[in-house]
Amino acid sequence: ATDRTIDVRQSGTTARFTLPLLALGHGAYRVTAHAQMAARPMGTTFEALRALGAGVEDLDRPGHLPATVTGGGLRSEVVHVPGDASSQFLSGLLLVGPCLTDGLVVEVTPPLVSRPYVDLTIAVMEAFGATVHQPGPHTFAVEPGGYRGRIYAVEPDASAASYPLAAAAICGGRVRVAGLGPDARQGDTAFAGFLAAMGAEVTVDERGTKVRAERGTLRGGTFDLTHCSDTAQTLAVVAPFASEPVSITGIGFIRAKETDRIAAVATELARCGITVTVDADGWTIEPGRPAAAVIQTYEDHRMAMSFALLGLVAPGIAIADPGCVAKTFPGYWDLLDGLRPGPQAAGER
């Protein structure tokens, strides 16, 4: 098509992957978004596409959606992107590299956050026949040649898996996420390791990832979530159930996610009576029993899914706007209902 309007809704991944793809086309494409996504930065992608020869017109605020992308033949260039905002900018550019006549070189200004997602992007590209080199620690070179089709098995969503795994840790119980084995490439598989460091029993084998814990046995610690920030909110709601404070670091950049997740987590934990200290890079969360509260979710699916876990242990927890989970996990409330402790949930889930 040479003339389409694409609505990316609330999805940063969709926006930052789709625009480079549209720039490969031969026409003008209007990209719109939900107001929440329109508030998130897109300037890195816009500037990179302009450097490659695409036309990008900001239709409202500079560096934000909505925008019009005009393709017509991208040229091969060396483009520069910052690494400290989101790995999605880099991944979106890498994905189109094989489709350019002479490939693509991307120089990244360190530090690069969420590096495992970049590694996952490259692994999938290579599975479909692309070739990506890293001639320097901050340089990615993609060879031309396009892609070839194949059957590809997608591993389970490690970000979504953090919620049932956390439920086992805070309730005292057992949960296995089938298929999330030792070969999983997603950075968020590290979440199970954080639970292990806090005292849960964790097994990762060919059957999946299993967490088992006794209620009341979790301990505190300091955890760097630079490369697995989508599980930061999950770990934050586990933290009050530890016997010592939990410090979560390396996540200052999540202020620019669906909402300011640093502020939102601190506000909602405080609403539940939990003491939280905020710093530039994360939080320190004190032990405590959450009090009854209606949790505000800020149209952020991960706020809803993580804070709902409190209600498995503490009475009176309610979630405002529960439908926001549909962004990534429309069946979440059914899953959570099946995890509730009690006679009906005996055995392993």
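For this structure, a couple of remarks:
- Put simply, of 39, 127, 85, 51 the only residue that is within 25 Å of residue 148 (Cα to Cα) and open to solvent by 20 Å² or more (accessible area, probe 1.4 Å) is 127.
- Restricting attention to the stretch 182-214, the residues that are modelled with pLDDT under 95 and part of a strand (DSSP E or B) add up to 0.
- The lone criterion from (1) under 22 Å from the mean Cα position of the chain (by Cα); (2) surrounded by fewer than 24 Cβ atoms within 10 Å (Cβ to Cβ) left unmet by residue 277 is number (1).
For every residue, the table says whether it meets (1) in contact (Cβ under 8 Å) with a residue 60 or more places away in the chain; (2) in contact with a Cys (Cβ under 6 Å, 6 or more places away or on another chain); (3) surrounded by fewer than 16 Cβ atoms within 10 Å (Cβ to Cβ).
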{"site": "116", "(1), (2), (3)": "yes, no, no"}
{"site": "131", "(1), (2), (3)": "no, no, yes"}
{"site": "134", "(1), (2), (3)": "no, no, yes"}
{"site": "137", "(1), (2), (3)": "no, no, yes"}
{"site": "142", "(1), (2), (3)": "no, no, no"}
{"site": "161", "(1), (2), (3)": "no, no, no"}
{"site": "167", "(1), (2), (3)": "yes, no, no"}
{"site": "180", "(1), (2), (3)": "no, no, no"}
{"site": "194", "(1), (2), (3)": "no, no, no"}
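One line per residue, one yes/no per condition, for (1) more than 28 Å from residue 35 (Cβ to Cβ); (2) in contact with a Gly (Cβ under 7 Å, 6 or more places away or on another chain); (3) of a type in the set (Lys, Arg); (4) open to solvent by 10 Å² or more (accessible area, probe 1.4 Å):
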residue: 220; (1), (2), (3), (4): yes, no, no, yes
residue: 238; (1), (2), (3), (4): yes, no, no, no
residue: 244; (1), (2), (3), (4): yes, yes, no, yes
residue: 263; (1), (2), (3), (4): no, no, no, yes
residue: 286; (1), (2), (3), (4): yes, no, no, yes
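- Of all residues in the stretch 288-328, those satisfying the criterion of being charged (D, E, K, R), out of contact with any helix residue (DSSP H, G or I) (no Cβ under 6 Å at 6 or more places or on another chain) and either open to solvent by 20 Å² or more (accessible area, probe 1.4 Å) or over 28 Å from residue 222 (Cα atoms) (or both) are 289, 321.
- Assessment of the stretch 317-333 against the conditions (on the phi > 0 side of the Ramachandran plot, small (Gly, Ala, Ser) and part of a loop (DSSP other than H, G, I, E, B)) yields no matching residue.
The values are calculated or read from the model by the stated rules, or taken from the named source; none is laboratory data. Here the structure is a predicted model, which is why all the values come from computation and not from measurement. All Cβ positions, even for glycine, are placed from backbone atoms using ideal geometry, and neighbour counts span all protein chains on display. Heavy atoms of the whole protein, side chains included, go into the accessibility calculation; ligands, DNA and RNA do not. Shrake-Rupley method; radii C 1.70, N 1.55, O 1.52, S 1.80 Å.
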